[in-house]
1. For segment A:68-84, check the following and say yes or no: at least one residue is under 30 Å from residue A:196 (Cβ atoms) and modelled with pLDDT under 95.
2. Within the bounds of segment B:60-74, is there any residue that is part of a loop (DSSP other than H, G, I, E, B) and buried (at least 17 other Cβ atoms within 10 Å of the Cβ)?
3. Any idea how many residues of segment A:141-200 are more than 9 Å from chain B (Cβ to nearest Cβ), free of Cβ contacts under 8 Å to residues at least 60 places away in the same chain and under 30 Å from residue A:120 (Cβ atoms)?
4. Go through B:50, B:38 for me and flag whichever is modelled with pLDDT of 95 or more and either assigned to a helix (DSSP H, G or I) or more than 19 Å from the chain's Cα centre (by Cα) (or both).
5. Examine segment B:90-97 for a residue that is within 28 Å of residue B:18 (Cβ to Cβ), buried (at least 20 other Cβ atoms within 10 Å of the Cβ), more than 9 Å from chain A (Cβ to nearest Cβ) and in contact with a helix residue (DSSP H, G or I) (Cβ under 6 Å, 6 or more places away or on another chain), and state whether such a residue exists.
6. Out of segment B:18-35, which residues are part of a helix (DSSP H, G or I) and more than 22 Å from residue B:127 (Cβ to Cβ)?
7. Please go through segment B:151-200 and pick out each residue that is out of contact with any strand residue (DSSP E or B) (no Cβ under 8 Å at 6 or more places or on another chain), under 20 Å from residue B:117 (Cβ atoms) and surrounded by 19 or more Cβ atoms within 10 Å (Cβ to Cβ).
8. Looking at segment A:25-42, is at least one residue in contact with a strand residue (DSSP E or B) (Cβ under 9 Å, 6 or more places away or on another chain) and crowded, with 21+ Cβ neighbours inside 10 Å?
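The values are calculated or read from the model by the stated rules, or taken from the named source; none is laboratory data. As the structure is a prediction and not an experimental result, all values here were calculated from the model. All Cβ positions, even for glycine, are placed from backbone atoms using ideal geometry, and neighbour counts span all protein chains on display.
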């Protein structure tokens, strides 16, 4: 099987790959996200461009390797009433975000970019999943923040941990809410890169 | 905090509790599920009665304890075109089930029962989540069966593992698809048993 490289430092994305029994390596790339956020205001376009930038950076890092690898990158934001929300900067910011999400429905949007080390093909797509939160009291929010789950997560929550207690319903891909739309990745790899992850 | 007892042998339910940072113990009860399946044909009623039977059995086991505990029990089935599907009995049965679910939408239904050791109150409810599978080839299905994930799972799949590759979308509670609707449990405990899991 071809090498698969996950160009992401997200523990949640790595866990999705591990749980799906995919053999992979991770490669952390540095992309100046703020630069993109300043010029792209459309949520879908932003995550697509950020995922692509991460894949391009990973490809550049791997230029001198001799191994043929598939590179997968992703970027997640949430969108509430047209406003883009990323990761919280500190506990107070996490409070502000969660307060807005409480008793409300937002969209969790992930951009995904897939390419290969020695192939100019670059597939970029996105997936959006709507997520409804139950009503949270200030005490609930602060207790949640103290758990530390907000750190490094778009929207300051983690569906795979305590947030399962306050997520009422989702519509769309559940793995997308974890961090990467695995069915979309499956379809891209099958259609565009001739790799059926469910045959192995 | 009150003791919480999860009356279930499901590893998926235990993981949901662990990931939600709930302190709990498990107690495995034996309920003759086939007896219920013979007389109850309505999916919602069946899972509710089975969850209740498990909670009642756990309560009976704990009759002589002096510790005040909350008991949580659950039972999951899937429903496809009005037909109830439980756990697969063997690999061939798992194949038959997955073949039917392929390229189709089913409902995953969990009954939940909550009571206390020294409290006659017994709350029984259910949650239903619709799940859409991508199209699977026979080769895909057999490769999946060989991973062993079908064992012990209603519908012969596990959303937290390789099945994330072929689950296109869900509508409803994501934790329900894992094994227990955690937001419904949260609401029942808060409203009926004066316990706010998000305050601790």
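1. Checking segment A:68-84: at least one residue is under 30 Å from residue A:196 (Cβ atoms) and modelled with pLDDT under 95.
2. yes
3. Number of matching residues: 3.
4. Details: B:38 fails: modelled with pLDDT of 95 or more.
Criteria check complete, one pass: B:50.
5. Among the residues of segment B:90-97, at least one is within 28 Å of residue B:18 (Cβ to Cβ), buried (at least 20 other Cβ atoms within 10 Å of the Cβ), more than 9 Å from chain A (Cβ to nearest Cβ) and in contact with a helix residue (DSSP H, G or I) (Cβ under 6 Å, 6 or more places away or on another chain), which makes the answer yes.
6. From segment B:18-35, those part of a helix (DSSP H, G or I) are B:18-19, B:33-35; that's our starting set.
Across segment B:18-35, the qualifying residues are B:34, B:35.
7. B:197
8. So far as segment A:25-42 goes, no, none of its residues is in contact with a strand residue (DSSP E or B) (Cβ under 9 Å, 6 or more places away or on another chain) and crowded, with 21+ Cβ neighbours inside 10 Å.
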